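Before any comments, here is the structure.
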Amino acid sequence: MTDSSATDFLRVGERLVFKLGWGIVYPAGQTTIETLAPEGPGAPVRVRVLTESRGLVRSLYPLENDSKSLIDPRTGRPQKIVISGRDGKRETSSTTEFDYEAGLVTHTDDIRPHKSGTAKLPEETVYDIMVTMLKVRESPMKPGEKRRVKIAFDDDIYDIELTAIENDRIKTPAGRFDAVLIEPKQMGELKGFFKRGGTMKFWISTGEKPQIVRMDFRMKIGTISSVLTAIETVSGEHEDPRP
């Protein structure tokens, strides 16, 4: 029997569409986050996040990242994360698997085997950053509030502190939203995205059904802003968010 409450925070059947801006260039691409129902009894809930650069930006910096997180509908814990795509000239293809009996997360990089490895799983559930944001919207934060979470990235587990900075008013193609600005920061020794000088911010609307309405990622190539353009309904895995 499926305990739907374990994955209610994912809002199965939802598709969020964000347009990307890179500096003064808009639109520079698109991010789509969609949650697909289990294919059968005991099958995982699937969260797919697809990001693509487009137009002039794609000719300068081709980016395509297709991430699929498989979530156990009974426990709400991730089972596997599969990523493929291209980041500039760098191709990506990897699988991260969570073994709760062994207490380990195993990362396999198909293109760069030297980056494969394992890490010990903490007692609390860990998600990737995007699924973490989906979960945070279900328990709204108020300005001044701080919250510690753990993020899974490849074969490592990051300690992240989320800080609700201030109330804000966000205008997007999907509408105007009263929202709270939240800033994640890695605690301890900086690694990966954060070690390379990356920072991120995201805004979650307030009200009856909080939603992610904007995300900003600052990297060496500049700041990429994602603003919500549509909330759609998706029914199955054969639907492709790409136009």
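A short reminder: the numbers here are calculations on the coordinates, not readings from a lab. All figures in this text were calculated on a predicted structure; none of them were measured in a lab. Glycine also receives a Cβ, built like all others from the backbone with ideal geometry; neighbour counts cover every protein chain displayed.
Taking into account only those residues within the range 121-164 that are of a type in the set (Lys, Arg) and in contact (Cβ under 8 Å) with a residue 24 or more places away in the chain, which is surrounded by the most Cβ atoms within 10 Å (Cβ to Cβ)? Break it down stepwise before answering.
Filtering the range 121-164 down to residues of a type in the set (Lys, Arg) leaves 135, 137, 142, 146-148, 150.
Remaining after also requiring in contact (Cβ under 8 Å) with a residue 24 or more places away in the chain: 135, 137, 142, 148, 150.
Working: LYS135: 15, ARG137: 20, LYS142: 9, ARG148: 10, LYS150: 16.
Restricting to residues being of a type in the set (Lys, Arg) and in contact (Cβ under 8 Å) with a residue 24 or more places away in the chain, the top hit is ARG137.
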Hits in the range 176-199 (condition: within 16 Å of ARG148 (Cβ to Cβ) and either within 16 Å of the chain's Cα centre (by Cα) or in contact (Cβ under 8 Å) with a residue 40 or more places away in the chain (or both)): ILE182, GLU183, PRO184, LYS185, GLN186, PHE194
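Quick check, is ASP178 closer than 18 Å to PRO78 by Cα and of a type in the set (Asp, Glu)? If you could, list the steps in order and put the result at the bottom.
On the way: closer than 18 Å to PRO78 by Cα: no; of a type in the set (Asp, Glu): yes.
Taking the combined requirement at face value, the residue does not satisfy it.
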The lone exception for THR125 - which of (1) of a type outside the set (A, V, I, L, M); (2) assigned to a strand (DSSP E or B); (3) under 19 Å from LEU10 (Cβ atoms) it fails: (2)
Condition broken by ASP155, with the remaining ones in (1) touching a Phe, Trp or Tyr at 6+ places or on another chain (Cβ under 9 Å); (2) under 20 Å from VAL47 (Cα atoms); (3) not β-branched (Val, Ile, Thr) satisfied: (1)
Looking only at the range 119-147, and only at residues there that are charged (D, E, K, R) and touching a helix residue (DSSP H, G or I) at 6+ places or on another chain (Cβ under 9 Å), the one that is nearest to THR95 (Cα to Cα): LYS135
In the range 100-131, the residues that are over 21 Å from the mean Cα position of the chain (by Cα) and of a type in the set (A, V, I, L, M): ALA102, LEU104, ILE111
Residues of the range 95-122 classified as assigned to a strand (DSSP E or B) and of a type outside the set (S, T, N, Q), total: 10
